[in-house]
Amino acid sequence: MRKTMKRGILILGACGQIGTELTQALRKRFGNERVVASDIRKGSGQLLNDGPFEIVDAMDYASIEDVVFRYNVDTVYLMAAMLSAVAEKFPEKAWNLNMNSLFNVLNLAKEGKITRVFWPSSIAVFGPSTPSIDTPQVTVMEPTTVYGISKQTGERWCEYYNKRFGVDVRSIRYPGLISHTTEPGGGTTDYAVEIYHRALKHGNYRCFLNGGTTLPMMFMTDAIRATIGIMDADPDNITIRSSYNLAGISFDPEEITASIQKHIPDFEISYEPDFRQEIADTWPQSIDDSTAQKDWGWKNKFSLDDITQVMLKNLKPRYEE
Ligand code: SER
């Protein structure tokens, strides 16, 4: 067999909500052997069996570097992070994880050990003083959550490493992400996934946000396409080295309820807002992503009703007797 010179791709946090589907998509595209899944603990059978899997603590520079050398990695997707709701409970731990992991990967690139980095940012970089409708790419950013502060700071460091050291780092401000493959891990937008599970299992859902809380959201298929799209783009077209606004759709709990009721007419929702309401109230309702559209041709595809249809169809077998 001829030896291939193609270099490896490493996903840190491969067992998380985005990491799981991103790993599958990258393996489909580049071949199972080239894509190394890694996480702090062992993940699902498929991630382990389809291709290489390594236990890696994203806060430990040496353990990332070791995998980078062993698999001749040139691109790292850093998907390990503590999300908004959990981060409010463990502020220092969240800060350490979200920042140190980023420094580790940016420094590997600065030292020339890898050539490209993908790092996710979030709508959480915005705060109560940001214009909340069609939030522009460049605007006031005064985040009030630990998660938002870590993402905003991370964006500044990404841009700094690009300008100062020429690091090819690319980033997207993801909205709330909806998928049926892996559960979200402690975010404020998680209700938009839980609601589908509850609708199928119990026919009702007690929502931790108020009915009129509009937030930017996106189906995971679109989010993965965006991630691969920005990494495929010509580096000269990437004019934003902090992070790109990315718009999908915007809806509130009442609208997602109505969408579910088209399939499950008896589905009922009640509202019992908790501390996550305060977080949601500081985030935008809709996003202007014209810069991403112009620079690398981004366009969202899935509507709310499309998402509802795919979610219910794929989750249904789990809840059938
Ligand atoms: N989905 C994330 C959260 O709710 C936002 O980036 O924390």
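The values are calculated or read from the model by the stated rules, or taken from the named source; none is laboratory data. As the structure is a computational prediction, the values presented were derived from the model and not from experiment. We place every Cβ from the backbone using ideal geometry, glycine too, and count neighbours over all the protein chains shown.
Six or more apart or on different chains, Cβ under 7 Å: which pairs go from a residue in the range 276-293 that's on the phi < 0 side of the Ramachandran plot to one that's within 13 Å of the ligand (Cβ to nearest atom) and aromatic (Phe, Trp, Tyr)? Could you list them?
Final answer for the pair search is Arg276/Phe208; Trp283/Phe126; Pro284/Phe126.
Restrict the check to the range 128-142 and report whether at least one residue is within 13 Å of the ligand (Cβ to nearest atom) and in contact with a Gly (Cβ under 9 Å, 6 or more places away or on another chain). Reasoning before the result, please.
As a first pass, look at the range 128-142 and keep what is within 13 Å of the ligand (Cβ to nearest atom): none.
No, the conditions are met nowhere in the range 128-142.
Take Leu108 and tell me if it is within 22 Å of Ile230 (Cβ to Cβ), within 13 Å of the ligand (Cβ to nearest atom), among the aliphatic types (A, V, I, L, M) and not in a loop (DSSP other than H, G, I, E, B). Step through it out loud before you land on a result.
Working: within 22 Å of Ile230 (Cβ to Cβ): yes; within 13 Å of the ligand (Cβ to nearest atom): no; among the aliphatic types (A, V, I, L, M): yes; not in a loop (DSSP other than H, G, I, E, B): yes.
Taking the combined requirement at face value, the residue does not satisfy it.
Report whether or not Asn98 is away from the ligand (no atom under 15 Å from the Cβ) and not in a strand (DSSP E or B).
no
Being touching a Pro at 6+ places or on another chain (Cβ under 9 Å) and either surrounded by 19 or more Cβ atoms within 10 Å (Cβ to Cβ) or without any contact (Cβ under 8 Å) to a residue 60 or more places away in the chain (or both) narrows it down to one of Ser250, Ser179, Ser242, so name that one.
None of the other options fit; the residue is Ser250.
Can you tell me which residue among Ile64, Ile114, Ile149 is at pLDDT 95 or above, of a type outside the set (Phe, Trp, Tyr) and not in a helix (DSSP H, G or I)?
Answer to the selection: Ile114.
Return yes or no: is Arg225 among the basic types (Lys, Arg), away from the ligand (no atom under 12 Å from the Cβ) and crowded, with 19+ Cβ neighbours inside 10 Å?
Details: among the basic types (Lys, Arg): yes; away from the ligand (no atom under 12 Å from the Cβ): yes; crowded, with 19+ Cβ neighbours inside 10 Å: no.
So Arg225 does not fit the description; no.
Could you say whether any residue in the range 11-23 is touching a strand residue (DSSP E or B) at 6+ places or on another chain (Cβ under 9 Å), modelled with pLDDT of 95 or more, surrounded by fewer than 22 Cβ atoms within 10 Å (Cβ to Cβ) and on the phi < 0 side of the Ramachandran plot?
Among the residues of the range 11-23, not one is touching a strand residue (DSSP E or B) at 6+ places or on another chain (Cβ under 9 Å), modelled with pLDDT of 95 or more, surrounded by fewer than 22 Cβ atoms within 10 Å (Cβ to Cβ) and on the phi < 0 side of the Ramachandran plot, which makes the answer no.
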